[in-house]
1. Has segment 220-233 got at least one residue that is at positive phi, open to solvent by 30 Å² or more (accessible area, probe 1.4 Å) and either out of contact with any strand residue (DSSP E or B) (no Cβ under 9 Å at 6 or more places or on another chain) or in contact (Cβ under 8 Å) with a residue 12 or more places away in the chain (or both)?
2. Would segment 195-208 turn up any residue that is out of contact with any Cys (no Cβ under 6 Å at 6 or more places or on another chain), under 16 Å from PRO175 (Cα atoms) and at pLDDT 95 or above?
3. For segment 234-245, give me each residue that is of a type in the set (D, E, K, R) and out of contact with any strand residue (DSSP E or B) (no Cβ under 8 Å at 6 or more places or on another chain).
4. Testing VAL244 on (1) within 25 Å of ALA155 (Cβ to Cβ); (2) in contact with a helix residue (DSSP H, G or I) (Cβ under 9 Å, 6 or more places away or on another chain); (3) among the aliphatic types (A, V, I, L, M), one condition comes back false. Which one is that?
5. Could you go through segment 252-269 and let me know if any residue there is within 26 Å of ALA153 (Cβ to Cβ), of a type outside the set (Asp, Glu), assigned to a strand (DSSP E or B) and modelled with pLDDT of 95 or more.
6. Taking LYS147, is it at pLDDT 95 or above, open to solvent by 50 Å² or more (accessible area, probe 1.4 Å), over 28 Å from PHE249 (Cα atoms) and in a strand (DSSP E or B)?
7. In this structure, does ALA38 turn out to be of a type in the set (Gly, Ala, Ser), at pLDDT 90 or above and buried (at least 23 other Cβ atoms within 10 Å of the Cβ)?
8. Answer yes or no: is there a residue in segment 97-117 that is modelled with pLDDT under 95 and small (Gly, Ala, Ser).
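The values are calculated or read from the model by the stated rules, or taken from the named source; none is laboratory data. Because the structure is predicted, anything quoted here is derived from the model rather than measured. Virtual Cβ from ideal backbone geometry, glycine too; neighbours counted across all protein chains shown. Surface areas here come from the heavy atoms of the whole protein model, side chains and all, with no ligands, DNA or RNA. Shrake-Rupley method; radii C 1.70, N 1.55, O 1.52, S 1.80 Å.
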Amino acid sequence: MNRRDFLKTGFLSALAVSAIGKTVNAAEKNESAPDLVAIHGGTPEIMWQEGIKAMGGIEKFVKKGSKVVVKPNIAWTQPPEYAANTNPELVAAIVRDVLKAGASEVIVFDHSCDNGPDCYRVSGVADAATGAGAKVLHATDRKTYRKVEKTQAKALTSAEVFSAVLDCDTFINVPILKHHGGAQMTGAMKNLMGMVWDRRIMHKKNLRNTIPDLLYYRKPDLNVVDAYRMMMAHGPRGGNLRDVALGKFMLISADPVAADAAAVKLLQFNENDVLYLQEAADRKLGCKDLTKLNIKRIEL
């Protein structure tokens, strides 16, 4: 079965098969507080609305008067149909709900790989975010980063981190799910590379170790994996629509490791090839074993 055919079978069914008899029963665990919500079949906005409701509502993560950072992938000068950047409709929906919850400020940013202003414009994320009421920042000035040391990190024991991420009350991580040539997969954990100044040193020190290290600097309070469109090959930049699958999926979890463990199944990649995922699980930075999670599945 190729990956496009796999999508037709439905990710929710795949998850159900892999966890038959092992997923935590709703009677044993509070059904209103799942560890992971997997949604399929709607627009990005509708999937977000249904998913966050199942997670207990945005108010569970955002308190009145809080400062919130929303971190999508805005790394590439590509329009939404190429699945290189997070869907702008999803970013706007999250910003609107965060503001409705009473946040005093919502910042949207990424440290782009291509020219930042071009990425923000072509991706559609800047207009979507500002239109929804967010403050959009470009992470291109080194003065907006602060040096932080984390002795518990395995390889990246020091990094310059975007100050807004360090200072916010709630950090919402909104990656797009796609193939990545170096790390095999871009998901929740990989998306955090956009909060540090020097990505090259992360590659030099081995992504297997440096990607999990990022969770010591600022672990997201919520991870929303955009899999409405997915780049199945030739990532992270892409550029060929033949590599893009219209999946209409979304994953929501407070645990970035759990989100990535589900994401790798959606892409139908071999999880053993996503080395940073096993490394994060070995360090107990999150739960990789989906059979131990309370998973809420929503088909729209």
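1. Start the filter on segment 220-233 by keeping residues that are at positive phi, which leaves none.
No.
2. Step one: filter segment 195-208 for residues out of contact with any Cys (no Cβ under 6 Å at 6 or more places or on another chain), giving 195-208.
In the following step, the residues that additionally are under 16 Å from PRO175 (Cα atoms) were identified as 195-196.
Those left that are additionally at pLDDT 95 or above: 195-196.
Within segment 195-208, one or more residues are out of contact with any Cys (no Cβ under 6 Å at 6 or more places or on another chain), under 16 Å from PRO175 (Cα atoms) and at pLDDT 95 or above.
3. Just the residues of segment 234-245 that are of a type in the set (D, E, K, R), to begin with: 237, 242-243.
The answer is ARG237, ARG242.
4. Unmet for VAL244, out of (1) within 25 Å of ALA155 (Cβ to Cβ); (2) in contact with a helix residue (DSSP H, G or I) (Cβ under 9 Å, 6 or more places away or on another chain); (3) among the aliphatic types (A, V, I, L, M): (1).
5. Start the filter on segment 252-269 by keeping residues that are within 26 Å of ALA153 (Cβ to Cβ), which leaves 253-264, 269.
Filter once more, keeping what is of a type outside the set (Asp, Glu): 253-254, 256-259, 261-264, 269.
The next check asks that each one be assigned to a strand (DSSP E or B); those that pass are 253.
Filter once more, so that each one left must be modelled with pLDDT of 95 or more: 253.
Yes, some residue in segment 252-269 is within 26 Å of ALA153 (Cβ to Cβ), of a type outside the set (Asp, Glu), assigned to a strand (DSSP E or B) and modelled with pLDDT of 95 or more.
6. On the way: at pLDDT 95 or above: yes; open to solvent by 50 Å² or more (accessible area, probe 1.4 Å): yes; over 28 Å from PHE249 (Cα atoms): yes; in a strand (DSSP E or B): yes.
Taking the combined requirement at face value, the residue satisfies it.
7. On the way: of a type in the set (Gly, Ala, Ser): yes; at pLDDT 90 or above: yes; buried (at least 23 other Cβ atoms within 10 Å of the Cβ): yes.
Yes.
8. Scanning segment 97-117, I find at least one residue that is modelled with pLDDT under 95 and small (Gly, Ala, Ser), so the answer is yes.
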